[in-house]
Amino acid sequence: MSTLPFAVPPGCVQPATDRVEVYSGTYASLDAAAYTCPQHTDDVALAVIAGGLTPYQVHVGPGVSRSCGYVYVYPTGTFGGVAR
Ligand SMILES: [Zn+2]
């Protein structure tokens, strides 16, 4: 299982317009991405900062159908649970 060191606020299941990428250190490792609607982007970014990580907000393009609150943990990232 993969576990992030912070609690992602529950999403509202609205269509996501933003993606908050979660980096360890100073953009050293892309570890996760959280999809958010405009109302919740800041909440998620603040949670990332509170967890000692670095958020980077990007807009998702058309054709991306994720819901607010969806979190993807990269298997090869710091929290992906892949042995290194
Ligand atoms: Zn939302």
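The values are calculated or read from the model by the stated rules, or taken from the named source; none is laboratory data. Just so it is clear, the model here is predicted, and its values are computed rather than measured. Virtual Cβ from ideal backbone geometry, glycine too; neighbours counted across all protein chains shown.
Within region 55-84, residues that are assigned to a loop (DSSP other than H, G, I, E, B) and surrounded by 14 or more Cβ atoms within 10 Å (Cβ to Cβ) reach partners that are at pLDDT 85 or above and among the β-branched types (V, I, T) with beta carbons closer than 8 Å, at six or more positions or on different chains, in the pairs V60/T17; R66/V60; C68/V13; C68/T36; G69/V13; G69/T36; F79/V73; G80/V73.
With the requirement that a residue be without any contact (Cβ under 8 Å) to a residue 12 or more places away in the chain and either within 14 Å of G77 (Cβ to Cβ) or in a strand (DSSP E or B) (or both), what does region 16-54 give you? Let's see the steps before the verdict.
So the first thing to find is which residues in region 16-54 are without any contact (Cβ under 8 Å) to a residue 12 or more places away in the chain, and the list is 28, 42, 46, 49.
Matches in region 16-54: A28 only.
For region 3-15, the count of residues that are in contact (Cβ under 8 Å) with a residue 24 or more places away in the chain, assigned to a strand (DSSP E or B) and of a type in the set (F, W, Y) is zero. Residues in region 1-11 that are of a type in the set (A, V, I, L, M, F, W, C) and loosely packed, with under 14 Cβ neighbours inside 10 Å: M1, A7.
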